[in-house]
Amino acid sequence: MIVAEQKPLEDIQRMLKGKKKVLTVGCGTCVSVCFAGGKKESSAMAATLRTAAAAAGQELEVEEVTVQRQCVQEFVAPLEENIDEYDAVLSMACGVGVQTLAEKYMDTPILPGLDTNFMGQPTEPGIWEERCVGCGNCVLEYTGGLCPITRCPKQLQNGPCGGSEGGMCEVDPNIPCIWSKIWTTLDRQGIADTLMDIQPPKDWSKSRGGSMRRVVVSDDLRQQAAREAGERATTVKVAPPQSPMKQVAPVQAPAEAVKLDETWHRACSFSELTEGKLQRVTVAGVDVIVTNLGDCIRAFPPTCPHLAEPLVDSGLLKDGLLTCTKHLWQWDLRSGEMKGAAERPVLMYETSVSGDDVMIKVEQEITYDYDEDDDFDEDDFFGSD
C-alpha cells in the first residue's frame with residue numbers, strides 16, 4: 001500500500017495563510033491504514049487548525065469530509081456540490097489523490113496535507129517499511145520474492161556486496177542484508193543454485209524517467225469496478241444493515257425443490273464457475289458476485305459492507321472464507337458467520353443449480369447503507385492489548 005505521513009503543522013498553516021474557509025478531505029484507503037489521512041486523522045487535522053487559528057486570533061472555518069478513495073474520480077464526484085464554497089481544499093491523501101482533486105476541481109486550490117513516502121507494508125504495529133519502488137521491471141522472479149532494488153541500499157542484482165556482518169547491512173546496520181535473506185529463502189526452497197546465473201543489466205527504461213508511465217487494460221474493463229462501486233457508495237441509501245449478530249447464510253435448496261418463478265434468473269453456466277474463484281455477473285440488471293465453493297453456490301453484492309470496496313478486486317477467497325483485504329473483514333460464506341474484523345454480515349441472494357444453469361433469486365437488489373461514522377479501527381487491524 002502507499003505509505004504517507006502528515007506534513008508539519010507549520011507547513012500546512014503556511015499553505016493556508018489568508019484562507020477563511022477550508023475543507024479537509026480524508027481518504028479511506030491506504031493513508032487510513034497508516035494513520036496519516038483517514039477520517040480520524042482528517043477530523044483531527046481540522047480541529048487542530050481551528051484551535052491554532054483561534055489561539056492566534058485568526059478567522060478560519062474548517063470543515064471535513066472523507067471519501068473512500070481520492071485517487072478515483074468517481075469517488076470524489078460528490079464534492080462537486082459545494083466545493084466552490086471553500087477558499088482551498090486540504091487533501092489528506094497521497095500525491096495521486098491530491099492530483100485527482102486538482103484535475104477535477106481546477107477552480108479551487110488543492111493543497112497537500114501529507115508527504116507521500118513509498119509503497120510498503122506494516123512490519124509491526126505503527127511501523128511501515130518500503131517494499132517496492134515501482135521500477136516497472138520486476139526482478140522478484142529470481143530473488144525469492146524479496147526485492148533488492150528497494151531493500152538493498154546499493155541496489156545490487158547479482159548477490160551481496162560482501163560488506164555485511166552477521167546478516168546485517170553494511171550501509172545501515174539496523175536493517176538485514178536483503179541478499180542474505182534472499183539466499184536463505186532460496187536455499188530453503190532448494191533452488192539457491194539459481195543465484196549463480198548472472199543477471200544482465202537491469203532495464204530501467206520502464207522505470208521513472210523521461211515520461212509519465214501508464215498501464216492500459218481493455219476498454220470494457222477500464223475503471224469499471226471502481227466506477228460502479230463509486231456510484232453505489234455515493235448514491236445508494238437504503239435501510240440500515242442487519243444487526244451485526246452472526247447471520248446464517250440462506251441454505252441452497254436442491255434444484256428439484258425450488259420453484260423457479262419470475263424472481264429467478266440465470267446467472268451463468270455451472271461449468272463456467274471455477275471452484276474457489278469470485279466471478280462478477282449481471283443478473284436482471286443487478287451486479288452480483290457468484291462463487292462455487294465446491295459443495296454449494298453463493299451469490300452476494302459486489303461491494304464490501306464496510307466501505308464499498310469492490311470485492312472482485314480486493315476479495316480473497318480460500319476454503320470458503322472470504323476476506324476483504326483492505327481492512328481484513330472476513331466471512332465464512334458457507335455459514336454466513338463473521339470472522340476477523342468484520343462487524344457486518346455479507347448479505348446473500350438465494351441460489352440454485354438447474355442442469356448446467358446457475359440460478360439466482362433477485363426480487364430486489366441487495367445494497368448496504370454506508371454510515372458516515374464507518375471508519376477503520378486500528379485495534380482491529382493490529383490487535384488490541
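The values are calculated or read from the model by the stated rules, or taken from the named source; none is laboratory data. Remember, it's a predicted structure, so these values are computed and weren't measured experimentally. Using ideal geometry, Cβ is built from the backbone for each residue, glycine included, and neighbour counts are taken over all protein chains shown.
Taken over segment 4-37, the residue count meeting the criterion of being touching a Ser or Thr at 6+ places or on another chain (Cβ under 8 Å) and surrounded by fewer than 23 Cβ atoms within 10 Å (Cβ to Cβ) is 1. Looking across segment 1-60 at every residue that is more than 31 Å from the chain's Cα centre (by Cα) and among the basic types (Lys, Arg), the one that is farthest from residue 117 (Cα to Cα) is identified as 20.
When you check residue 161 against the structure, is it assigned to a loop (DSSP other than H, G, I, E, B) and surrounded by 14 or more Cβ atoms within 10 Å (Cβ to Cβ), yes or no?
Details: assigned to a loop (DSSP other than H, G, I, E, B): yes; surrounded by 14 or more Cβ atoms within 10 Å (Cβ to Cβ): yes.
The answer is yes for residue 161.
Does residue 312 satisfy being β-branched (Val, Ile, Thr) and over 26 Å from residue 33 (Cα atoms)? Taking the combined requirement at face value, the residue does not satisfy it. Would you check if residue 129 is in contact with a Gly (Cβ under 9 Å, 6 or more places away or on another chain) and charged (D, E, K, R)? Considered against the rule, which asks whether it is in contact with a Gly (Cβ under 9 Å, 6 or more places away or on another chain) and charged (D, E, K, R), residue 129 comes out as yes. Go through segment 2-44 residue by residue and tally those that are touching a strand residue (DSSP E or B) at 6+ places or on another chain (Cβ under 7 Å) and in a loop (DSSP other than H, G, I, E, B). Residues that pass the stated criteria total 9.
Taken as a whole, the structure places residue 100 among residues that are polar (S, T, N, Q), in a helix (DSSP H, G or I) and in contact with a helix residue (DSSP H, G or I) (Cβ under 7 Å, 6 or more places away or on another chain). If only residues of segment 136-151 that are of a type in the set (S, T, N, Q) and part of a loop (DSSP other than H, G, I, E, B) are counted, the one that is surrounded by the fewest Cβ atoms within 10 Å (Cβ to Cβ) is 137. Residue 73 satisfies every condition listed in (1) surrounded by fewer than 24 Cβ atoms within 10 Å (Cβ to Cβ); (2) modelled with pLDDT of 95 or more; (3) touching a helix residue (DSSP H, G or I) at 6+ places or on another chain (Cβ under 6 Å) except (2).
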